Structure formats: structure tokens, C-alpha cells
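The values are calculated or read from the model by the stated rules, or taken from the named source; none is laboratory data. Not measured: the values here are computed from a predicted model. For neighbour counting, all protein chains shown are included, and Cβ atoms are generated from backbone atoms with ideal geometry for every residue, glycine included.
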Amino acid sequence: MGFEYVKALHIIFIVTWFAGLFYVVRLFIYQTEALEKTPEEQKILKPQLDLMAKRLWLGITWPSAILTLIFGTWTLTYRLGYLELGFMHAKLAFVVLLYVYHFICHHIYKKLQQGLATWNSTQLRLWNEGATVLLFAIVFLIVLKNLMNMLWGMAGLVGLSILLMLAVKWYKKQREKK
């Protein structure tokens, strides 16, 4: 298979992986909040949310993470010289952090499937932003191929992250008022 096809498949599975990561943490929030409801509400909500999380996590997110790794490694075999460049070292470090993020999500998933909420909904809302931060870092690095430009991009991202955290706190206060 040619480089462009392998690269296209890598990008497709990155997109589906991130879509899964973004949505599954949202489901974790709903699962956690469902555990705080009355037993009657839990009886309806928990099985449905557990099923949705299971289908997303095992049917889309995990396969996409694995296929991203396969096609990413394959893509890199066409550009082995990149392994000597600093931007690629940084990009791969962020990719490792993304897999750590994924494994922590797996731990949260397993606990919630057992009916145990070890994180509250506010913590999960903040956790959900972690994938966004990693996505920005990885994309800036691979597109700009320059650590300095990536640092400027990351400075902007830190500012965005602060705004997102403030928005989460504001949203929580608005929900508590209702």
C-alpha cells in the first residue's frame, strides 16, 4: 500500500479515536450523574448509559487507538529520518501521553461499568479537556515541524485551557442555580 493511503488511514483512525475519547468522557459524566439519581431513575439510566459507553469504548475507541498505532507506525516507516528530528521526539512523547490518557479512561470505564464513580462530574469535565490539549500539541507539532512554533501554539493552548476551565466552573455554577 502506498504512503498516501497509509497516511490517510492513519488520519482517519486518529479522527475516530479522538471522537471516541471526547464522547466517552461525556458519557462518563452522564454515568456519574446517573449514579446520584433516585433508584428508579438509575434503573432506567444506568443500563442505557452503560451500553452506550460499552459500544463506543469497545467498538470504536479501542479499535481506533490500535489502528492509529498500526498505521502511524507504518507511516513513520516511510519517513524514518523524522526519528532524528526534535519535533518528532516531542510529538511521539505527546502520543505516549495520549495512550496514558486512553488507559486512564479505560480504568474509569471499567469502574463505571461496575457502578463505581471514582471521579465526580466536575473532575471528568476537566479531564475531558486533556484530550483537547493533546490533540492541539500533536497537530501543531506534525504540521509545523518546529518546536518553537509549537511552543507558541501551546502558549495559546494554555490560555485556551484556562478559559475552558473557567467556563466549566461557570457552567457548574449555572447548573447549581437551577
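Worth pointing out:
- Failed criterion for Arg79 (all others in (1) within 20 Å of the chain's Cα centre (by Cα); (2) at pLDDT below 95 hold): (1)
- Condition met for Thr122 (free of Cβ contacts under 8 Å to residues at least 60 places away in the same chain, under 23 Å from Lys46 (Cβ atoms) and either surrounded by 13 or more Cβ atoms within 10 Å (Cβ to Cβ) or not aromatic (Phe, Trp, Tyr) (or both)): yes
- Residue, nearest to His102 (Cα to Cα), within the range 25-36, restricted to residues that are among the aliphatic types (A, V, I, L, M), surrounded by 18 or more Cβ atoms within 10 Å (Cβ to Cβ) and in contact (Cβ under 8 Å) with a residue 24 or more places away in the chain: Val25
Let's see how each residue does on (1) farther than 20 Å from Trp127 by Cβ; (2) over 22 Å from the mean Cα position of the chain (by Cα); (3) free of Cβ contacts under 8 Å to residues at least 40 places away in the same chain:
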site: Phe22; (1), (2), (3): no, no, no
site: Thr38; (1), (2), (3): yes, yes, yes
site: Leu45; (1), (2), (3): yes, yes, yes
site: Ala90; (1), (2), (3): yes, no, no
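- Test result for Tyr101, at pLDDT 95 or above, hydroxyl-bearing (Ser, Thr, Tyr) and loosely packed, with under 13 Cβ neighbours inside 10 Å: no
- Exclusive hit being touching a Phe, Trp or Tyr at 6+ places or on another chain (Cβ under 8 Å) and either of a type outside the set (A, V, I, L, M) or farther than 23 Å from Val96 by Cα (or both), set Phe22, Phe71: Phe71
- Assessment of the range 108-128 against the conditions (under 16 Å from Ile14 (Cβ atoms) and not β-branched (Val, Ile, Thr)) yields no matching residue.
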